[in-house]
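J.: Got a structure here, written out as structure tokens. Questions coming.
The values are calculated or read from the model by the stated rules, or taken from the named source; none is laboratory data. This is a predicted model, so every value here is computed, not measured. Glycine gets a Cβ as well: all are built from the backbone with ideal geometry, and neighbour counts include every protein chain shown. The protein model used for the area step is the full one, side chains on, heavy atoms only, and it has no ligands, DNA or RNA in it. Shrake-Rupley method; radii C 1.70, N 1.55, O 1.52, S 1.80 Å.
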Amino acid sequence: MFISEVGGVRAPDTASARAAYGVCAEYAEIGLRNHSVRSYFWAASVGAARGIEFDAELLCVAALLHDLSLTAPFDSHTLAFEEAGAHLARVFAAGAGWAEPRRDRLAEIIVLHMRDAVPAEADPESHLLQIAVGADVSGRGLDSFEPDFAAALLTAVPRAGFAPAFLRAARDQAERKPASVAAELMRGGWAERICGNPLDH
């Protein structure tokens with residue numbers, strides 16, 4: 001079910017956002033689906049708290065689609081998962097009737113969520129998604145969020161075994177694509193950070 005509000009933070013109730021949720025729910029297991037939903041709400045909450053202006057629909061669709069290339073139907077054996085996900089997002093956005101510049105932005109956000117930190121003033125949507133995904137995957141920057149909001153989000157959108165499932169996917173990506181960012185992160189202790197995420201303890 002599409003969740004339109006958590007802890008006072010609203011999701012954009014647009015046709016594209018609802019369609020992206022439908023695609024995510026159809027292809028992603030519950031842990032990955034819930035991670036994608038939480039990623040939007042984490043990101044939007046930081047944006048609101050820090051006064052960062054962002055395109056809510058663009059951010060929401062990016063969050064919902066950003067990890068779909070970790071699923072079997074959309075996995076690439078040659079491209080890093082974030083790059084494959086960017087191509088998938090372009091196809092989705094074309095079907096949704098988005099103009100080419102907006103399709104390009106969506107793809108860029110999905111690629112950049114696995115890259116070096118992007119400043120908010122240069123790209124607010126990528127900046128916010130990076131913060132959100134870092135918090136939800138490994139607990140990085142959890143002090144950016146109000147405890148009451150975090151509790152409300154975890155109640156509304158439970159973890160549902162996300163960490164072990166994501167770790168299996170990350171290990172698989174690293175083994176098959178040793179030059180990818182996922183492989184670099186795994187060599188740098190990502191597995192330990194995923195397992196130690198306070199959200200799961």
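J.: For Arg140, put the label point 7 Å out on the Cα→Cβ axis and report which residues of segment 151-169 keep their amide N under 16 Å from it.
T.: 167
J.: What shape does segment 1-118 take by its C-alpha gyration tensor, where a ≥ b ≥ c are the square roots of the eigenvalues and a/c under 1.5 counts as rounded, a/b above b/c as prolate, and the rest as oblate?
T.: rounded
J.: What spacing in nm lies between the two simple spin-label points modelled at His77 and Glu184, each 7 Å away from Cα in the Cβ direction?
T.: The answer from the label model is 2.6 nm.
J.: In deg cm²/dmol, rounded to 500, what helix-only [θ] at 222 nm does the chain give when every DSSP H run of at least 4 residues adds -39500 (n - 2.57) and the total is split over its residues? Show your work: numbers first, answer last.
T.: Numbers: 10 runs with 125 residues, N = 201.
Estimated from H runs of four or more residues: -19500 deg cm²/dmol.
J.: Now, a different point. Can you send over the solvent-accessible area of Tyr21, 1.4 Å probe, protein chains only, in Å² to the nearest 10?
T.: Number for this one is 30 Å².
J.: If R₀ is 35 angstrom, what is the calculated FRET efficiency for the pair Ala19 and Leu154, using the beta carbon separation as r and rounding to 0.05?
T.: With a Förster radius of 35 Å, E is 0.85.
J.: For the chain, which whole-number percentage of the solvent-accessible area (1.4 Å probe, protein heavy atoms only) is attributable to carbon and sulfur atoms?
T.: Carbon and sulfur: 55 percent of the exposed surface of the chain.
J.: Rounded to whole Å, give me the distance from the Cα center of segment 1-66 to that of segment 103-175.
T.: Their Cα centres are 11 Å away from one another.
J.: What spacing in nm lies between the two simple spin-label points modelled at Asp172 and Arg193, each 7 Å away from Cα in the Cβ direction?
T.: 2.2 nm
J.: For the chain, just say rounded, prolate or oblate: build the C-alpha gyration tensor, square-root its eigenvalues into a ≥ b ≥ c, call rounded for a/c under 1.5, and beyond that prolate if a/b exceeds b/c, oblate if not.
T.: rounded
J.: Now for a different question. If you count only protein heavy atoms with a 1.4 Å probe, what accessible area per residue comes out for the chain, rounded to a whole Å²?
T.: 45 Å²
J.: Can I ask one more? For Phe2 and Glu100, what is the calculated FRET efficiency with R₀ set at 41 Å and r taken between the beta-carbons, to the nearest 0.05?
T.: 0.95
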